[in-house]
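Here is the structure we will look at.
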Amino acid sequence: PNGFDARAMLRDHCNNPEWGRSASYLLRSRKSGKPPLRGKDAGDHPPITPLKSATRDQVGGGAAWRVYEFVVRNFLGSLHNDLLFTRTTASLALPNSSEADFELELVTVDSLGFADACRWVLRDIGATASPSHKGNGDLIQEGQRLQITKASIEERKTRPPRFIQEHELIRLMDSNRIGTDASMAVHVSNIVDRGYVMLCDETGQPIRPPGPPGKRKNLPRQIGRYMVPTPLGSSLLGLFDHDATVSDVDSPAMLSHPTIRRQMEEEVKEVAMGNIDKDFCLEKNLNWFEDRYAELEESLTRERIGQFGSNLRSTRDYLRYLQRFDTFEPKVAVTKGQQPKKKTYNKKRPNYAMKRKGGGQGQKRKGGQGQNQRRNSRAKQNNT
């Protein structure tokens, strides 16, 4: 935004133990305090920037720290130069073979750029070497003959493609010009809340809702946020005839395709710019949806409705059905040598003190009887 001093923010982060080195480099290399003029401004919110430098202990760790770290590293990455890398693809052919039988891909980073702050980008591009290591061309030369050191035959089963992740869906929505940064998350949450898809981790377990920091159970961390279509969502797509080829002719199949949503987004922008009347745009879209749903109602037969109902099942049974085909990663099993954790007691609880003093329920009961006998003998002496 106008008036934002990037150098002042960098000076605040120079002493941070996590990314201070990257902030110091930017402070030395950048001459201007203005942010770079790149990216696009959708107009829905100002750029998200950190307010001050903080450590993991100051933020509190956990999800709050991961969000804060993601914001800061993306801010530092936006001030960096571009990431430069070389992707080398080597095609390998066996003797007496006219076509390539194998392909080997190597990625060498030439200049880190914004990846100096956003290190996860290196994993996304499949980088196998650091910027100082150059010489993929020295490893394999064109026309070079390689010696086969080992040959073996392995029998494996093909696995179905994995489901799309939440961030991948948002990236596709952005490429199709559907929604803004502020509304994309609402679109995703709507299809989850309505039961069309469910969020699962890489093992096929539904994502647990976040709980209070002080009341978290000792559960393993869930990796990945995969969008798994529910039987309801898949059946609705079949009802809309989603697999049909969408042409210029309006049909119920367009109800489940992104083209109509993209058109509506563009018309909303035109309304905001004053090029289209709002009432005219609203009436036109309502009439369009009313016509499509009327066509859908006419196309529904008893057989199609019965097929829709027979495909519905509980989400738990559906996940078990998918796990039979190795759709998800296998769960990590506990080894036999691994000892279960011993049960610990909270010293602040009263039953802990009672067990420590009494030495168990039986001893506690015996000790209680002895105390009662001593009290009775003292009462007899006082009476006499």
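The values are calculated or read from the model by the stated rules, or taken from the named source; none is laboratory data. Here the structure is a predicted model, which means the values were calculated and not measured. Cβ: placed from backbone, ideal geometry, glycine included. Neighbour counts: every protein chain shown. Please note that ligands, DNA and RNA were not included when accessible areas were found on the heavy atoms of the full protein model with its side chains. Shrake-Rupley method; radii C 1.70, N 1.55, O 1.52, S 1.80 Å.
Couple of notes before you dig in:
- Residue pairs whose Cβ atoms lie under 6 Å apart, separated by 6 or more positions or on different chains, with the first residue in region 184-211 and of a type in the set (Ser, Thr, Tyr) and in a loop (DSSP other than H, G, I, E, B) and the second modelled with pLDDT under 95 and exposed (fewer than 13 other Cβ atoms within 10 Å of the Cβ), are Thr203/Lys331.
- Subset tally (residues that are outside any strand (DSSP E or B), over 30 Å from Leu26 (Cα atoms) and touching a residue at least 12 places away in the same chain (Cβ under 8 Å)) for region 82-116: 0
- Among the residues of region 107-121, the ones that are within 20 Å of Thr89 (Cα to Cα) and surrounded by fewer than 18 Cβ atoms within 10 Å (Cβ to Cβ) come to 3 in all.
- Taking the listed residues Thr88, Thr149, Thr128, the one that is open to solvent by 100 Å² or more (accessible area, probe 1.4 Å), among the hydroxyl-bearing types (Ser, Thr, Tyr) and either under 30 Å from Met9 (Cα atoms) or modelled with pLDDT under 85 (or both) is Thr149, with no other qualifying.
- Exactly one residue among Thr315, Thr301, Thr259 is in contact (Cβ under 8 Å) with a residue 60 or more places away in the chain and β-branched (Val, Ile, Thr), and that residue is Thr315.
- Tyr318 being open to solvent by 100 Å² or more (accessible area, probe 1.4 Å), out of contact with any strand residue (DSSP E or B) (no Cβ under 7 Å at 6 or more places or on another chain), within 19 Å of Ser235 (Cβ to Cβ) and at pLDDT 90 or above: no
- Cβ-Cβ distances below 7 Å connect the following pairs, each with a first residue in region 223-245 that is among the polar types (S, T, N, Q), a second residue that is open to solvent by less than 30 Å² (accessible area, probe 1.4 Å), and a separation of six or more residues or different chains: Thr230/Gly195; Thr230/Val197; Thr230/Met198.
- Qualifying residues in region 176-195 (those that are over 18 Å from His257 (Cβ atoms) and among the β-branched types (Val, Ile, Thr)) - the one most open to solvent (accessible area, probe 1.4 Å): Val186
- When the test is whether a residue is exposed (fewer than 12 other Cβ atoms within 10 Å of the Cβ), out of contact with any Asp or Glu (no Cβ under 6 Å at 6 or more places or on another chain) and assigned to a loop (DSSP other than H, G, I, E, B), Phe280 does not pass it.
- Residue in region 262-273 that is nearest to Arg177 (Cα to Cα), counting only those that are open to solvent by less than 60 Å² (accessible area, probe 1.4 Å) and without any contact (Cβ under 8 Å) to a residue 40 or more places away in the chain: Met264
- The residues of region 160-175 that are in a loop (DSSP other than H, G, I, E, B) and either surrounded by 14 or more Cβ atoms within 10 Å (Cβ to Cβ) or touching a Ser or Thr at 6+ places or on another chain (Cβ under 7 Å) (or both), listed by number, are Pro160, Phe163, Ile164.
- Residues satisfying the stated conditions in region 53-80, i.e. under 13 Å from Ala23 (Cα atoms) and either surrounded by fewer than 13 Cβ atoms within 10 Å (Cβ to Cβ) or touching a His at 6+ places or on another chain (Cβ under 6 Å) (or both): Ser53
- Residue in region 171-193 that is among the charged types (D, E, K, R) and under 28 Å from Asp317 (Cβ atoms) present: yes
- For region 210-221, the criterion of being over 25 Å from Leu296 (Cβ atoms) and surrounded by 13 or more Cβ atoms within 10 Å (Cβ to Cβ) is met by no residue.
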